[in-house]
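Everything on this sheet refers to the single structure shown next.
The values are calculated or read from the model by the stated rules, or taken from the named source; none is laboratory data. Given the structure is predicted, the values throughout are model-derived calculations rather than measurements. Here the Cβ positions follow ideal geometry from the backbone for every residue, glycine too, while neighbour counts run over all protein chains shown. Ligands, DNA and RNA are stripped out before the accessible areas are found, and what is left, the full protein with its side chains, is counted by its heavy atoms. Shrake-Rupley method; radii C 1.70, N 1.55, O 1.52, S 1.80 Å.
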Amino acid sequence: MNYYLISNLITCLCALIGFIYGIAEFFKPKKAVYAQMITLAVGCVVFGRLYQMVRLITAGDISNEFQLGILGVIGSLLFLFSANYGAMDSLADDGSKSFAKYRLIAMTAPAAAAAIYVVFILICDFPLLIKAEAGVIAAFAALASYFNLKHLIFPDVDYGVINCLKAYNLLALIFDFLCIAETVAVSYNNELAVLIIGIITGAVLIAITPTVKRGIMKWTA
């Protein structure tokens with residue numbers, strides 16, 4: 001039984017459901033760009049997993065050469081980062097010293113991402129390609145996780161939207177670290193861990209867009 005294929009199939013199907021839901025809900029006139037970017041993040045997962053499945057079916061291996069499927073992971077993390085950094089962060093954080101402690105606490109997320117990469121990948125005896133791919137994913141996950149954790153712990157100031165989207169940011173933060181965990185599991189050829197991570201990732205992706213909708217509805221109510 002190919003656990004890698006099953007994991008990618010589960011993640012792809014769940015992401016597809018979340019993506020279709022997001023398209024139906026958010027790609028309409030006057031809908032929030034923030035929600036559209038999150039929907040596109042989920043869509044990136046779909047296309048990345050489709051490539052991985054084709055590769056597994058046709059070649060039976062995803063570890064010996066560069067995989068285009070990694071671009072789906074990078075794209076999803078980049079959209080999550082851009083949504084919070086470009087569309088949301090300025091609404092909460094004015095850069096004042098009174099919020100410095102939240103910025104400092106939020107730095108623990110990228111620090112943890114870096115630590116996982118260094119301990120489990122970088123200093124271990126893996127080929128350069130594996131280290132490079134895992135490093136890129138860890139870097140983008142670190143960027144996204146900083147703002148997901150920051151907005152999870154940040155106090156509402158004037159707008160209320162940060163508090164309404166805390167559930168989404170929790171899911172997104174979990175997703176950030178699942179991306180890193182999967183690269184570690186694949187690198188160690190741990191099929192069972194890959195399958196478990198794939199199931200959890202699928203559950204997170206199927207829940208993200210409805211969670212964003214509930215948060216936005218709560219904010220605008």
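Which residue pairs have Cβ atoms under 6 Å apart, sit 6 or more places apart or on different chains, and have a first residue in region 152-178 that is open to solvent by 50 Å² or more (accessible area, probe 1.4 Å) and a second that is acidic (D, E) and modelled with pLDDT under 95?
N163/D156
Is it true that I105 is among the β-branched types (V, I, T), on the phi < 0 side of the Ramachandran plot and under 17 Å from the mean Cα position of the chain (by Cα)?
no
Can you tell me which residues in region 97-107 are open to solvent by 80 Å² or more (accessible area, probe 1.4 Å) and under 30 Å from A185 (Cβ atoms)?
Across region 97-107, the qualifying residues are I105, M107.
For L91, are the conditions met, namely being hydrophobic (A, V, I, L, M, F, W, C), open to solvent by 40 Å² or more (accessible area, probe 1.4 Å), within 20 Å of A172 (Cβ to Cβ) and touching a Lys or Arg at 6+ places or on another chain (Cβ under 7 Å)?
Against the criterion (hydrophobic (A, V, I, L, M, F, W, C), open to solvent by 40 Å² or more (accessible area, probe 1.4 Å), within 20 Å of A172 (Cβ to Cβ) and touching a Lys or Arg at 6+ places or on another chain (Cβ under 7 Å)), L91 does not qualify.
May I ask you to say which residue of K131, K213 is open to solvent by less than 60 Å² (accessible area, probe 1.4 Å), assigned to a helix (DSSP H, G or I), without any contact (Cβ under 8 Å) to a residue 12 or more places away in the chain and of a type in the set (D, E, K, R)?
On inspection, the qualifying residue turns out to be K131.
Since K28 meets every condition but one in (1) open to solvent by 80 Å² or more (accessible area, probe 1.4 Å); (2) assigned to a helix (DSSP H, G or I), which condition does it not meet?
Tallying (1) open to solvent by 80 Å² or more (accessible area, probe 1.4 Å); (2) assigned to a helix (DSSP H, G or I), K28 fails exactly one: (2).
Scanning region 53-88 for residues that are open to solvent by 60 Å² or more (accessible area, probe 1.4 Å) and polar (S, T, N, Q), which turns out nearest to L129 (Cα to Cα)?
N64
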